[in-house]
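J.: This is the structure I want to talk about, given as structure tokens.
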Amino acid sequence: MSLAVRTEGLVKRYDGTLAVAGVDLEVAAGEIHGLVGPNGAGKTTTLKMLATLLLPTAGRAEVAGADVVREPDAVRRVIGYMPDSFGVYDDMKVWEYLDFFARCYGLPPARRRQMIGDLLELVDLADKREAPVQALSRGMQQRLCLAHTLVHDPSVLLLDEPASGLDPRARVELRELLRELRALGKTILISSHILPELEELCTSVTIIDRGRVLASGRVADIEARLRAGAVLRTRVLGDEPAIAAAAAFFTADPTVVAVERHDDGWLELAFRGDDAESAALLARAVGSGHSIATYARAASDLEELFLQVTAREAAGDDAGQTPTEGAR
Amino acid sequence: MTALAIPVRNPLRRVGAGLGWLATGMIAVGTKELRGRMRGRRAFAVLTFYLVLLSVFAWGIFEFQRNAAAMYATPWGGIGFPSVALSAQIGQSLFSGLLVIETLLVAVLAPAFTSGAISLEREKQTLDLLVATPLSSFALVAGKLISALAYVFLLILASVPLAAIVFLFGGVGPEDLVRGYLLLFAVAIGFGAIGLFVSALVRRTQVATVLTYLTVLALSIGTAVVWFFLYATSGISQVGGVVPGSGNTSAGRPAQQILWLNPFIADLDLICGTSSSGYDVACSIISAVTGKPYFGTTFGGVSGFDAAGGAVAIGVAPCPPNARCAAPAVLADVVGPEPIQQPTVTGLPRDAFWPQSAAAFIATALLLTFLSAQLVAPTRRLVRLPRRRRHAPEAST
């Protein structure tokens with residue numbers, strides 16, 4: 001059970017549109033895993049399926065070894081879920097809010113009392129104990145919602161855009177809080193549409209767009225690939241030894257940072273250099289006797305992807321954020 | 001992890017643990033709801049408004065009856081014919097009036113407190129927080145229903161002292177009042193559950209509220225219209241109840257089940273229950289609905305309409321249990337050529353209709369609460385219906 005969250009070909013289709021199109025996700029226990037992608041990438045849908053709020057159309061999803069479809073109650077006991085947009089109850093005090101959720105998990109009264117004190121201390125709301133929930137600021141409500149996910153001491157936290165709508169200081173505080181929670185041994189799956197926001201916090205990330213995983217791994221690895229510059233896709237003709245020889249040739253070349261082998265002689269080269277160097281590399285490869293059928297800069301290299309993602313996110317923010325803000 | 005997460009072998013203990021878990025959830029939701037509901041002025045404002053309305057209404061009935069009595073008062077003292085303002089009749093009028101107005105208030109208030117129960121959680125985006133907890137859906141909807149009803153029950157019980165005024169006048173026994181309150185509770189549960197169900201079914205609270213009240217209207221008025229239309233076209237000529245020996249029995253009568261969820265028809269049964277003669281409109285209607293004979297068997301041949309027109313002789317008789325007996329002091333005019341030879345029981349047997357009606361309300365409530373629990377979230381259904389596909393499955397991955 002070293003994997004806290006695992007999905008396999010997870011698909012969610014809403015009335016013909018594919019919100020999540022086969023997501024494979026693996027989050028090891030104790031990690032802070034970031035789910036990054038633009039608005040509408042399928043982050044929220046994925047988290048909702050993990051939180052047993054939506055049934056997957058296809059595929060499997062497990063949290064702490066429990067299947068979300070077959071054992072939803074087991075999943076609900078080990079997760080703490082914070083939705084991207086959530087409401088608060090009117091006519092409720094801060095401590096009553098936590099007390100209510102603690103009761104939903106069946107905690108005995110003595111433990112509830114102690115837990116409420118501890119959690120309010122943790123999220124820095126101890127002096128707001130008797131305050132009405134709807135009178136709290138947005139940041140405080142966010143922290144209270146985070147506290148509610150912790151009432152039953154879950155091992156996995158599913159946080160959907162917990163930093164949205166927070167001012168920079170509140171973001172820093174949230175980050176500190178999440179680090180503290182990780183130190184307590186919790187696995188955190190956190191979504192955001194801004195990669196830099198997660199970069200310093202997360203131990204690993206998955207980048208998704210249009211319901212598909214584009215990249216996944218440790219932040220350092222993805223960063224290395226981002227810094228490496230372009231990705232060249234090339235197809236080598238010939239049998240297995242010929243392809244292996246070509247791969248070895250590229251690996252040995254100083255302008256190539258890494259080589260990834262795919263089927264049918266396809267190679268992906270993490271390449272550092274400009275177009276002239278790229279042309280020189282091709283000339284060297286052909287000169288060494290490798291038969292190159294295709295040689296091109298990959299359209300979906302991570303950097304471009306990232307720009308594309310952030311550009312779309314910026315455009316989407318302008319269009320989509322205003323009504324949400326107005327509604328609050 | 002709670003103790004409940006530990007698998008229990010013994011099936012009985014598993015059932016016990018399941019029920020315990022359900023109770024825990026219902027208490028959680030109920031506590032939360034009541035904390036919210038009883039906080040602030042609204043709860044007490046509604047209670048005050050409710051009691052003031054009832055008081056004004058009761059006072060109005062009393063004044064009406066008093067004026068009627070004054071109109072017929074004779075110069076030499078006492079009361080002339082028709083004897084409208086006997087104390088017992090004031091009591092019965094008060095009882096009837098209060099019962100109907102309380103039914104009306106319950107029919108309006110019970111759905112008001114439940115028709116937002118689930119849809120408000122959806123609108124305020126708090127439902128997802130609950131669905132992600134192990135709180136059972138049934139506990140959620142039942143807790144919502146019970147807490148909403150707890151407040152309606154408070155309203156109903158707060159009216160008991162007011163309703164007890166009828167005992168000053170007499171004509172109504174404590175058992176009548178108890179029946180009345182049992183029926184009110186059942187109506188509150190039934191109509192509350194209708195609101196809850198619509199709230200779980202429909203996304204928007206406004207739509208849910210409108211649909212709920214349309215349903216309540218359909219049950220309160222629509223069913224009566226339908227039933228009486230069917231009755232009028234069924235070929236049964238007598239509107240005024242069933243006369244033994246006339247062949248005018250339950251055959252061909254529209255099913256009384258149509259009216260089971262009509263609280264006002266059940267009210268009529270209770271009103272008929274306090275009637276001293278059994279000759280009033282309430283009894284006529286209940287007789288027509290249930291197909292139960294209007295009179296005791298010795299009174300064949302006299303129709304309800306005849307009886308309602310004039311006074312009817314009543315022998316002084318020991319009153320058998322579960323039968324409505326005439327109060328001899330009220331009507332003692334003797335008509336008819338034949339002397340009465342046997343002890344006579346008048347009116348319908350008691351409890352001809354309302355117990356079925358109350359049971360129907362409670363059964364409906366149980367069913368709708370269960371169905372509401374199924375509608376809370378797609379991941380929380382007992383039976384997952386195969387999803388209809390609008391598009392051909394596309395090749396993914």
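J.: Where does the longest stretch of chain A lie that holds no GluC sites (Glu not before Pro) found in a DSSP loop with 16 or fewer other Cβ atoms within 10 Å?
T.: Longest site-free region, per DSSP loop and neighbour criteria: A:1-129.
J.: Still on this structure, please answer the following. Two decimals, Cα atoms only, Kirkwood Rh: what is Rg/Rh over segment A:27-117?
T.: In segment A:27-117, Rg relative to Rh is 1.01.
J.: Using a Förster distance of 30 angstrom, determine the FRET efficiency expected from the C-beta separation of A:Leu184 and B:Arg13, and round it to 0.05.
T.: Numbers: r = 34 Å, r/R0 = 1.12.
Efficiency, from the Cβ-Cβ distance: 0.35.
J.: A follow-up question, please. If R₀ is 22 angstrom, what is the calculated FRET efficiency for the pair A:Ala110 and B:Ala23, using the beta carbon separation as r and rounding to 0.05?
T.: That gives a FRET efficiency of 0.75.
J.: Between segment B:163-205 and segment A:2-45, how many Å separate their Cα centres?
T.: Between the Cα centres of segment B:163-205 and segment A:2-45 lies a distance of 50 Å.
J.: Where Lys and Arg each count +1 and Asp and Glu each count -1, what net charge lies around A:Val75 among other residues with Cβ under 11 Å from its Cβ?
T.: Result for the local shell: -1.
J.: Once the whole set of protein chains is in place, how much accessible area is left on A:Trp95, using a 1.4 Å probe, in Å² to the nearest 10?
T.: Per-residue accessible area (A:Trp95): approximately 60 Å².
J.: Could I ask something else about it? Comparing A:Asp24, A:Asp91, A:Asp160, which has the greatest mean-square fluctuation in the GNM of chain A with Cα pairs linked when under 10 Å apart?
T.: A:Asp91
J.: In degrees from 0 to 90, rounded to the nearest 10, what is the angle of the helix A:168-183 Cα long axis to the longest principal axis of chain A?
T.: 90 degrees
J.: Could you give me D for segment A:230-300, from Stokes-Einstein at 10 °C and 1.306 mPa s, where the hydrodynamic radius is the Kirkwood radius over C-alpha pairs? Units µm² s⁻¹, please.
T.: Working: Rh = 11.8 Å.
Stokes-Einstein gives a translational diffusion coefficient of 135 µm²/s.
J.: Among A:Leu55, A:Leu35, A:Leu184, which one shows the biggest mean-square fluctuation in a GNM of chain A, springs joining Cα atoms closer than 10 Å?
T.: A:Leu184
J.: Here's something else I'd like to know. Compute the separation of the alpha-carbon centres of segment A:248-285 and segment B:42-57 and state it in Å as a whole number.
T.: Cα centroid of segment A:248-285 versus Cα centroid of segment B:42-57: 84 Å apart.
J.: Past 26 Å, Cα to Cα, is the threshold; run A:Lys186/B:Lys124; A:Lys48/B:Lys144; A:Lys12/A:Lys93; A:Lys12/B:Lys124 against it and keep the listed order.
T.: Long pairs (Cα-Cα over 26 Å): A:Lys186/B:Lys124; A:Lys12/A:Lys93.
J.: Now a separate question. Compute the distance in nm between two label points, each set 7 Å from the Cα along the Cα-to-Cβ direction, one at A:Ser2 and one at B:Gln257.
T.: Using points 7 Å along Cα→Cβ, the separation is 6.4 nm.
J.: Averaged across the residues of B:372-380, what count of C-beta atoms belonging to other chains lies within 10 Å of each residue's C-beta?
T.: 3
J.: Given a Förster radius of 56 Å and the C-beta distance between A:Glu130 and A:Glu240 as r, what FRET efficiency does 1/(1 + (r/R0)^6) yield to the nearest 0.05?
T.: E between A:Glu130 and A:Glu240, to the nearest 0.05, is 0.20.
J.: Could you tell me how many degrees, from 0 to 90 and to the nearest 10, lie between the Cα long axis of helix A:275-287 and the main elongation axis, the longest principal axis, of the Cα atoms of chain A?
T.: Result, in degrees: 50.
J.: From the C-alpha gyration tensor of chain A, pull out the three semi-axes of the equivalent ellipsoid (sqrt of 5λ each), sorted largest to smallest, in whole Å.
T.: That gives 45, 20, 18 Å for the three semi-axes.
J.: Can you compute the label reach from B:Ala158? Point 7 Å from Cα along the Cβ direction, backbone N cut-off under 16 Å, restricted to segment B:33-63.
T.: B:34-57
The values are calculated or read from the model by the stated rules, or taken from the named source; none is laboratory data. Since we're looking at a predicted model, the values are computed, not measured. Because the Cβ atoms are built from the backbone with ideal geometry, glycine has one as well, and the counts that use them run over all protein chains shown. Note: accessible area is taken over every heavy atom of the protein model, side chains too, but ligands, DNA and RNA are not part of it. Shrake-Rupley method; radii C 1.70, N 1.55, O 1.52, S 1.80 Å.
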